[in-house]
Structures are given as C-alpha cells and as structure tokens.
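The structure appears right after this line, and notes come after that.
The values are calculated or read from the model by the stated rules, or taken from the named source; none is laboratory data. Note that this is a predicted model, so its numbers are computed, not measured. Backbone-built Cβ (ideal geometry, glycine too); neighbour counts: all protein chains shown. The area values use the complete protein model at the heavy-atom level, side chains included, leaving out ligands, DNA and RNA. Shrake-Rupley method; radii C 1.70, N 1.55, O 1.52, S 1.80 Å.
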Amino acid sequence: MFDRIADPWGARTPYRAGEAWPVRVDHHLEAGYDDADVDWSRTAAVLHSNGDGLDLAVADGRLVGVRGRADDRVNRGRVDPKDLYGWQANASPDRLRRPLVRDHGELVETDWDTAMARVVEHSRRLLAEPGGSGRIGFYTTGQMFLEEYYTLAVIAKAGIGTPHTDGNTRLCTATAAASLKASFGSDGQPGSYADLDHCDAIALYGHNVADTQAVLWMRMLDRRHGADPPAMVAVDPRATPVAREADVHVAVRNGTNQALMNALQHVLITEGWIDHDYVERHTIGFSELSRTVEPWTPERAARVCDVDPGRIRAAAEIIGTSERLVSTVLQGFYQSHQATAASCQVNNLHLLRGMLGRPGAGVLQMNGQPTAQNTRETGADGDLPGFRNWANRDHVAELAELWNVDVETIPHWAEPTHAMQIFRYAEQGSIELLWICATNPAVSMPDLPRIRALLQRPELFVVVQDMFLTETARLADVVLPAAGWGEKLGTFTNADRTVHLSERAIEPPGEARADLDIFLDYAHRMDFRDRDGEPLVKWRDAEAAFEAWKECSRSRPCDYTGLSYALLRERSGIQWPCTTDAPDGTERLYTDGRFNTDPDVCESFGHDLATGASQGEETYRAKEPDGRAFLHAADFEPAPETPDSEYPLLLTTGRSLYQFHTRTKTARVPELDDAAPDVWIEVHPDDAAALGVGADDEVRVESRRGSITTPVRLGTVRRGVVFVPFHYGDWDRDDAVSAGRPRAANELTETVWDPVSKQPMFKVAAVRLTSCDGEVA
C-alpha cells in the first residue's frame, strides 16, 4: 500500500473514453488485525461530498479499519485519505457521552430527562406567546442522514411552524441549488460522475477537486493518463494540483468570475461554437444573453480579471470545440462575488452547446459536504421538501395533505429564512431559541467576533447537538451527545444523486443517541399532533422514516419511490430519480431536452440575479417556459470590498486535503492532524519579498473585522492574493496559548452574501500583512 499522506491520490489506473473505470481497492486496518479478524459493515464516505462506497471493519465492538467497495459506481474501490483514517475519530476519548446543561455559568453533566426538559420548557414557553413559532430557529449540518433531516423538517415546518430552518450547507452549497433552480427549474445535478468516462474536455470552475473530492480527482487523472485524454481547463487564483494539471489555467483575480464567464460566452457566440437548434428548441433568453456578453471581449475581461486574454481565448476554444464537455463548479464560484450569476453562466455554456443529457456532456454544480444534497431535498435547508415551491399554493397544499395539517401551519408567506438572517435575528433578539445540530458556526461562519458575541447573549437559549465539545458547544445552554457515522442507520445522497445506505456498525459511546432518536424524543415530549389528533411524526425508526420520505418525494424531481433499504443493501449506490419506470435509477437528467421549468413543477419562480428580488408567479408564467431552460444574463459588477492603500491584498479561504470543515473529526486522527496540524497563509513570493518575510516567518493578518497570526508559506497563489485554510479553531489549544492569537480564517471575513443564494462571500476580503518587524504589505 502506497503512502496515502505523501501520495494522496495513489497509483494510476489509466483508461480511455468509453471504457469502465478500472477497479482499485484501497484498504486500511489497524495494526494487529487482518481481514479474517473483522466483520464488514456497509457505509459511504462522510468527510467530503463524493459519496464513495465503503465498508467499515468492526472487531471487539469497535471500528478498526475501512476498505473501498469495488462494485460501487462512485469510487470503484478507492478511498479518500480522510476516510482511510478518519474512522478513528469515533473512538476519541473526548467524545460526548452524557448531556450537559449550563448551571451557574458552567456546563455540567446531567441525564437526558433533565436536558430535554429544559429544551421542551423553553420551546413551549415561546410557542405560548404571540408569534412564538418565529422565536425558534434551527441551524443544521451537511453531515446527518436523510431520515434525520426529513424528521427535523416535519417538526420545524408542521410541528412548530417556524420559517427559520437552515444549515451550514448555506455556506458551501446554497449557490449550487440556486443556480440549478434558476437554469433548469429545480435542484438536482443534470450530469453524472460517469460522464468523466466519456468526455473529451473537463472544465473546473473554482473547484480544487484534488483536495475537496480526492477520489473524483483520481478518476480525472486516470482519464488524463489514458490513451485519449480529455483536455482540461481550470479557473482558480491559485496554482492548485488541478491548475498544474490543466492545459489552460485561468488565474482570475478574486471576485471577477462573472467578467470571465461573459467573455467565454462572447467567444462562443462570435466564433459560432453553439448549437443553434438546441438553443432555439430548448432555451429562453438567448437574445438578452447575446446583448449582455457582446461587449465582453477577452481583452476587456482580461483587464478586469488581470489575466492574459490569450488564456481566455484558449479556454473558450477548448470549451467551444469539444464534443463532450463536463463542467464542475465549487466554492471558488459559490463563495465569491456574483456567485449565482457566475454559476448560471456555467449552465449557460452547456445549454449554448447542447451539452446535456448524453454520455460525457454534463454539469456538476458540486456540493461541499457528504449529505448537503439531502438538506435541500428534505427541506432542512428551509426550502419545502421534495423540491416543492414555497410560492406555489398547490405545492404547499400537497405537503399539508401529506402531513395532515392545516395549510397555514406550514410557513410559506415569504421566502424561507436563510442562515445569515437566522443569526441576525438571534443577534437582534427575535429568535430566542437556536438549536444547532452537528455544526460549528463559532469557527465556520464569517466575522467570528460577531458570531461569538451573539451566541453568548443571555437572552438567547442555545442547544447544540454534536459528538464533541466544539467551540460552539462550549457556548451552549444545553449540549446533547450525538451518535456518529457508523453508530447509526440511515441513507445519504452525494453530489451526483447517488444514494447509499449506512449501517449501524457499532454502538455509540455512553448515552450518546442518534440524531433521529433525539428529534423523535423531542417530537414526543412536545406532543406534536396532526389535525386528527394523531402524532404528527408517525415513524419510530430510520427505515420507517425513509418510507415516509419516499411518499413525500413521489412524483417530484427527486423521486425515491423505487428505492428501499433492501435494494440499497443489494446494490452499492443508486441514483435518483428511482421509480417503477426507472427501477435502476437515472444516470442523467434532461435527456430529452425538457426541463423542470413548467410553472406547476418548478421549485422557484426565480429571482433577479443582481438584487435577489423574488419574481412573482404571474411574471414567471408569462414567460411560457414550457419545459425550456433559462439562459440567464448578468453584467459584471465590482465586489463590495476591494483592496486599497490600507488593506492592499485580497484574501481567499478554502480547504486542506487532510482536514474537513472545522476539524471536529479530522484533528482527532493522528495521520491527518500530523499532515496539516495548524493554520498557514499562502503568499506569492513577490509579495513576501516586498514585506521582507520568508517561509515559516509569522505574520499578523488583519482585515476590517479582525486578525489572525500565522506562519507564511511561499506558494503559487497569484500576486496580490493570499490564501488561508478555514478549518482551524481553538478547541485543541490551551487558553494561555490561544489568548490574543486567534487563527480561524473567519476572523477576517465579512458578513456579506450573494443576493440570490444568500451564500457568504468567503473568497473576497481585503487584508494586510504585518511582519514581525512591523512592515505592512
């Protein structure tokens, strides 16, 4: 076995277009065990969004290893380095084993009845007051199971009736959903990972797939090492492994993605590299798009993006002349300026070229977390379950009938409250109970000094449900110990719509409970009822919750009705929609060129890309989409914060290959923590020389919000831009060490978001560096 830290992507297994990706089974067992000593339990990857099929090794009642499943459609046996070692976090000695409550300012252990009684007491008191449902908010994760999200959605929407439900997927995947709705009428990836087996070009927009979905990168590398490699374009301000591999690297300045995308479309249209018949029959908006991009020559865009116009033309030629194009998009677009507008332009490129619905031609608006897709499907992100439209009265009535509640119980009088607004309401005092599940906003949210302050407001009652005492949990009033992956049963869906089952391999430690069981206990204690007086939540276990979800998904774009636990135990990964008409799942959407844009089907009536203003149903119907996709046009606008004489550098944040989210699990794994133990700042050598600092020298990084202290790495980020990984909080540092020396990247980022997706702009902030001797750069 190769060294998966030094060589994270492993040995190549080259293959050519049209061939199946060869099998390569990655495998790791704790010392002293071999295959004959262990039982294997089915699951899938949990430390990224790729959805790799895995088996967990169990011996003596604990996890002792992992292997990839050779028959899985996603990974064909390969395992990401985080998953190869990450299972060790389950056995960490600092796992939460009993509930905690705050007494006299301190968190102390208690029993479940006492902890839940406090939560229920606060909930009932607030609900008894006028407008009480609006005083309760839920902020959840992208790492629980579908069954848990759906149960939470029913509790929040039909039990409490609160519009305040969202999750940290708002920080990483909201723009994916927004752009898919805007272009195609509903969420759900048009393409499939299998398209990489057929394509002749790959374009990656703000997507460092080598670090974020390492197994997907292995697949791309194997095609690139095959007999007929696909061409590759990378858009990223850093020379990441992806950018170094690419044939064309366009190193745009942060916040200028929309200018680049307009130039690419300008070239396609002027060169005639578009499928006019497809555009005429299957899209709306070509005339306006043509007018908008007409002035955006590569030369004009190059001045805005600060790149060579020749690179823009070279990228456009690959995109415009390929026969089968796959595009992927992630945080470099989602967390930047004009996020939804720029991501829609990627969809535009595929619509202009007729590159959808056939092998090798697809868009993947990627996710950042393993179950982010499920938050959107089930409504745990605030939307209505089953990709229903909150502004469509018939959709709301369908849900009310399914749940047997009054229509007015389900919040639909305005758009669901997004996470940034939920925290604003908590800060202002209108939300008085905030329940945070399996996420760590005290490290992951922008402008952390503000977030810490509002979470400590005495008027705000904070409940945290997690496996560990995170930075956020330390600020809570009640902490509920949760079971983790491998300790509970449920399903989850990856970024290309592949559904996996995760079995309960071991028991959770102490009194920790599955998130589903915590939600069911809360629903029982609150005595939520339907309009016939029967329990609102009618299921008591994971499989029954899955069956209930299937009915909610019936006849919707994300139809699960053909799936079952039994089928998912037989087959390793099935893509939705899966129905009686498509019992094997559906590899690609929109194969007939008909999209989910009909007014009675669509998930949204649309928004203005510049202002975020909602478009009304009447206006939407007047467009007569008739199953055609939308070509959305938007001019470039400067970012809200740009460098100046006081803060002359642009900050971008992102991920490390060896850590995940806020390191709640990965920092507790020796191999992963040793590989990336602490924060750093990547600086271009010319910028470092101007400051007079070298590699490993410490600098103070300041923005208008806060500061961090970190060592320098001389990197391949473009001049004028610096990069800081966002993973690093302070839970694992001694107070005396961390006092006055914060290291979380989000001390620096600002509370500003995309007007449509409401996703924060982590990629565009002005900063300055101060060296040890006081010079400023």
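Brief remarks on what is shown
A quick yes/no check of all residues on (1) assigned to a strand (DSSP E or B); (2) modelled with pLDDT of 95 or more; (3) over 19 Å from Thr652 (Cβ atoms):
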residue: Ser287; (1), (2), (3): no, yes, yes
residue: Arg291; (1), (2), (3): no, yes, yes
residue: Val304; (1), (2), (3): no, yes, no
residue: Ala316; (1), (2), (3): no, yes, yes
residue: Glu323; (1), (2), (3): no, yes, yes
residue: Ser327; (1), (2), (3): yes, yes, yes
residue: Phe333; (1), (2), (3): no, yes, no
residue: His337; (1), (2), (3): no, yes, no
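- For beta carbons closer than 6 Å, sequence separation of 6+ or different chains, a first residue in region 424-440 that is at positive phi and at pLDDT 95 or above and a second that is in a helix (DSSP H, G or I) and open to solvent by less than 10 Å² (accessible area, probe 1.4 Å), there are no qualifying pairs.
- Selection of region 1-17 for residues being within 29 Å of His198 (Cβ to Cβ) and open to solvent by 20 Å² or more (accessible area, probe 1.4 Å) yields Phe2, Asp7, Trp9, Ala11, Arg12, Thr13, Pro14, Arg16, Ala17.
- Scan region 512-555 for residues that are touching a His at 6+ places or on another chain (Cβ under 9 Å) and buried (at least 19 other Cβ atoms within 10 Å of the Cβ) and the total you get is 1.
- Filter result for the condition that a residue is farther than 30 Å from Val764 by Cα and assigned by TED's automatic domain parsing to the domain that holds Ala117, over Ala397, Ala438: Ala397
- Residue ID - farthest from Ile708 (Cα to Cα), chosen from residues in region 450-459 that are open to solvent by 50 Å² or more (accessible area, probe 1.4 Å) and in contact with a helix residue (DSSP H, G or I) (Cβ under 7 Å, 6 or more places away or on another chain): Gln456
- In region 615-632, residue most open to solvent (accessible area, probe 1.4 Å) [restricted to those that are in contact with a Cys (Cβ under 9 Å, 6 or more places away or on another chain) and assigned to a loop (DSSP other than H, G, I, E, B)]: His632
- Candidate set from region 460-471 (those that are more than 20 Å from the chain's Cα centre (by Cα) and free of Cβ contacts under 8 Å to residues at least 60 places away in the same chain); member that is surrounded by the most Cβ atoms within 10 Å (Cβ to Cβ): Val464
- Test: residue in region 334-352 that is open to solvent by 10 Å² or more (accessible area, probe 1.4 Å), assigned by TED's automatic domain parsing to the domain that holds Leu204 and among the polar types (S, T, N, Q): yes
- Residue list for region 228-268, restricted to those being in a loop (DSSP other than H, G, I, E, B) and in contact with an Asp or Glu (Cβ under 6 Å, 6 or more places away or on another chain): Pro230, Arg253
- Sub-6 Å Cβ pairs linking a first residue in region 311-331 that is without any contact (Cβ under 8 Å) to a residue 24 or more places away in the chain to a second residue that is part of a helix (DSSP H, G or I) and open to solvent by less than 40 Å² (accessible area, probe 1.4 Å), at least 6 apart or interchain, number zero.
- Filter result for Pro99 (open to solvent by less than 10 Å² (accessible area, probe 1.4 Å), touching a helix residue (DSSP H, G or I) at 6+ places or on another chain (Cβ under 9 Å) and closer than 30 Å to Pro755 by Cα): no
- Count - residues of region 18-60 that are free of Cβ contacts under 8 Å to residues at least 40 places away in the same chain, open to solvent by 50 Å² or more (accessible area, probe 1.4 Å) and assigned to a loop (DSSP other than H, G, I, E, B): 6
- When residues of region 721-737 are limited to those that are over 14 Å from Leu448 (Cβ atoms) and modelled with pLDDT under 95, the one farthest from the chain's Cα centre (by Cα): Ala736
- Count of region 614-641 residues which are touching a residue at least 40 places away in the same chain (Cβ under 8 Å) and within 26 Å of the chain's Cα centre (by Cα): 13
- Qualifying position, being open to solvent by 30 Å² or more (accessible area, probe 1.4 Å), in contact with a strand residue (DSSP E or B) (Cβ under 8 Å, 6 or more places away or on another chain) and acidic (Asp, Glu), among Glu570, Glu587: Glu587
- In region 154-174, the residue that is surrounded by the most Cβ atoms within 10 Å (Cβ to Cβ) out of those that are polar (S, T, N, Q) and in contact with a strand residue (DSSP E or B) (Cβ under 6 Å, 6 or more places away or on another chain) is Thr165.
- Single unsatisfied condition, Thr597 versus (1) open to solvent by 70 Å² or more (accessible area, probe 1.4 Å); (2) of a type in the set (Val, Ile, Thr); (3) in contact with a strand residue (DSSP E or B) (Cβ under 7 Å, 6 or more places away or on another chain): (1)
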